[in-house]
Number of protein chains: 2
Amino acid sequence: MKSQSSSWSRIQAKNIPTTLELDLILNEYTFPGCKILDIGCGSGKASNLLASLGFSVTGVDINTEALRMAKSSSESQNCLQIPLFIRTDARALPFPDAAFNVVIMQAFLTTIVSKDDRARIIREACRVLEPGGYLYLADFGQTWHSKVYRERYINDLPVTKEEGSIVAYDEGTEEIAYVAHHFTEKELVFLLIDNGFEIEFFKRDEFVTRTGNRVNGFVVMGEKR
Amino acid sequence: MKSQSSSWSRIQAKNIPTTLELDLILNEYTFPGCKILDIGCGSGKASNLLASLGFSVTGVDINTEALRMAKSSSESQNCLQIPLFIRTDARALPFPDAAFNVVIMQAFLTTIVSKDDRARIIREACRVLEPGGYLYLADFGQTWHSKVYRERYINDLPVTKEEGSIVAYDEGTEEIAYVAHHFTEKELVFLLIDNGFEIEFFKRDEFVTRTGNRVNGFVVMGEKR
């Protein structure tokens with residue numbers, strides 16, 4: 001399973017797991033007029049929230065239907081700013097270097113099954129940030145203390161081929177909907193520092209998934225070196 | 001470095017890192033008359049606190065001077081119960097099976113450099129617990145987001161031979177005082193479930209070390225299967 005971007009481009013928007021709530025730490029890194037790029041914006045929940053606060057937001061995703069939902073909800077929300085939603089692949093962003101002050105990435109890397117692609121995406125996020133700009137990254141952590149996740153990490157390994165990854169099945173067809181990766185702290189830290197960032201802020205958190213499971217999470221602010 | 005129990009038996013009691021504060025979760029697993037074993041009790045801070053609450057406490061350690069301090073502070077503290085302090089090796093406890101209701105182990109496994117010894121110690125803790133009894137375990141987690149720890153894990157590897165371990169030096173002589181291991185969640189979880197316990201409670205925490213560094217920590221309640 002080298003890339004699953006095609007499955008994410010086809011998945012029905014209503015089946016895309018809802019994004020996490022934004023952590024308040026982000027407030028400390030934004031400012032009036034701040035240009036924010038939301039990578040893997042899905043149906044635009046975070047993008048629209050940030051636009052409603054007056055920031056200049058661009059949301060990118062690979063899923064056309066999700067982007068359509070994002071646009072229609074931004075129109076109905078009376079955003080102070082209307083976000084720009086663009087369909088693109090996060091591995092090759094159509095933006096010049098240093099075009100943004102802040103990049104956000106929420107529960108997005110978890111959907112990238114190739115380690116190489118994860119590194120490319122972080123390097124792209126770094127490239128489009130101004131020097132000294134910040135990456136806000138919130139994602140799932142490996143949750144070995146949970147019997148449910150522990151067994152999934154082990155049982156799904158023949159399919160995922162990567163420790164800490166799980167398979168999510170379509171509820172109707174029972175077919176594989178997507179693979180999600182949960183990170184170790186070491187893995188996430190080196191993904192950032194090996195690809196252009198310093199760790200500026202790091203918080204171990206706990207998230208609740210769409211199915212109600214409690215799962216470890218990380219909220220990280222990386223500063224472009 | 002197969003065992004460092006000899007260095008811990010000789011280290012000056014004043015140089016033994018102070019124990020962590022007990023997490024309040026322990027209250028939920030203790031009861032009047034509860035028999036508690038404190039493994040690696042050091043100078044008796046937790047043992048004496050628990051005895052002052054009326055529990056029947058036994059503290060064990062390998063360091064004679066620390067045990068002497070533990071005894072003398074219990075005498076000066078007017079404990080409701082006087083703890084019993086015994087010098088022994090945690091790998092072979094001089095107690096019958098099922099002798100205790102609760103075992104506590106605070107920042108103790110971190111000092112055990114051999115993986116085999118860690119497993120033996122957990123099996124011994126399990127053996128001396130009554131069926132359904134609880135192990136309270138608080139210990140350090142690998143803290144990769146911290147530049148200080150990240151560099152120590154990498155730089156100290158030739159000495160420690162184990163990822164996530166660090167060398168602590170004697171401030172006076174600059175000689176190696178001891179090696180401390182920081183755990184991953186996966187490592188700590190399997191150490192318990194492979195050696196007789198279910199995970200009953202699991203909390204990711206942050207501790208402050210004697211030198212003021214912030215470090216990841218875990219507080220775990222294991223239930224004897």
Check: What number of residues within region A:167-188 satisfy the criterion of being in contact (Cβ under 8 Å) with a residue 24 or more places away in the chain and more than 13 Å from A:Ile11 (Cβ to Cβ)?
Finding: 6
Check: Among strands (runs of 3 or more DSSP E) lying entirely in region A:163-209, which contain 1 or more residues that are at the interface with chain B (Cβ under 9 Å from one of its Cβ atoms)?
Finding: A:197-208
Margin query: Where the second residue is among the small types (Gly, Ala, Ser) and outside any loop (DSSP other than H, G, I, E, B) and the first is farther than 13 Å from A:Ala46 by Cβ and lies in region A:65-85, which pairs have Cβ atoms under 7 Å and are six or more apart or on separate chains?
Written below: A:Glu65/A:Ala13; A:Met69/A:Ala13; A:Leu80/A:Ala51; A:Leu80/A:Ser52; A:Gln81/A:Ala51; A:Gln81/A:Ser56; A:Ile82/A:Ala51; A:Ile82/A:Ser74
Next item on the list: Quick one: count up the residues across region B:174-197 that are of a type in the set (Val, Ile, Thr) and surrounded by fewer than 21 Cβ atoms within 10 Å (Cβ to Cβ).
Entry: 3
Note to self: One residue is enough: does region A:125-137 have a residue meeting the conditions within 13 Å of chain B (Cβ to nearest Cβ) and in contact with a strand residue (DSSP E or B) (Cβ under 9 Å, 6 or more places away or on another chain)?
What the structure shows: yes
Next item on the list: Working only within region B:105-133, note down all residues that are basic (Lys, Arg) and open to solvent by less than 20 Å² (accessible area, probe 1.4 Å).
Entry: B:Arg118
Notebook entry, point to check: Do we find that B:Tyr136 is open to solvent by less than 20 Å² (accessible area, probe 1.4 Å), within 13 Å of the chain's Cα centre (by Cα) and not β-branched (Val, Ile, Thr) in this structure?
Noted result: yes
Note to self: Which condition from (1) open to solvent by 30 Å² or more (accessible area, probe 1.4 Å); (2) in contact (Cβ under 8 Å) with a residue 12 or more places away in the chain; (3) small (Gly, Ala, Ser) is the one that A:Ala99 breaks?
What the structure shows: (1)
Next item on the list: Tell me, yes or no, whether region A:152-160 has at least one residue that is touching a helix residue (DSSP H, G or I) at 6+ places or on another chain (Cβ under 7 Å) and within 14 Å of another protein chain (Cβ to nearest Cβ).
Entry: no
Check: If you go through region B:152-167 one residue at a time, do you hit one that is more than 18 Å from the chain's Cα centre (by Cα) and either small (Gly, Ala, Ser) or open to solvent by less than 10 Å² (accessible area, probe 1.4 Å) (or both)?
Finding: yes
Next item on the list: State all residues of region B:105-114 that are part of a loop (DSSP other than H, G, I, E, B) and more than 16 Å from B:Lys45 (Cβ to Cβ); if no residue qualifies, say none.
Entry: B:Ile112, B:Val113, B:Ser114
Next item on the list: Give the number of residues within region A:131-159 that are of a type in the set (Ser, Thr, Tyr), under 28 Å from A:Val103 (Cα atoms) and not in a strand (DSSP E or B).
Entry: 1
Notebook entry, point to check: Looking only at residues in region A:198-211 that are under 9 Å from A:Met221 (Cβ atoms) and touching a Gly at 6+ places or on another chain (Cβ under 7 Å), which one is most open to solvent (accessible area, probe 1.4 Å)?
Noted result: A:Glu200
Check: How many of the residues making up region A:197-213 are touching a Phe, Trp or Tyr at 6+ places or on another chain (Cβ under 8 Å) and under 16 Å from B:Asp205 (Cα atoms)?
Finding: 5
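The values are calculated or read from the model by the stated rules, or taken from the named source; none is laboratory data. For clarity, every value in this text was computed on a predicted model and none was experimentally measured. Quick reminder, even Gly has a Cβ in these numbers, built from the backbone with ideal geometry, and neighbours come from all protein chains shown. With ligands, DNA and RNA removed, areas are computed over all heavy atoms of the protein, side chains included. Shrake-Rupley method; radii C 1.70, N 1.55, O 1.52, S 1.80 Å.
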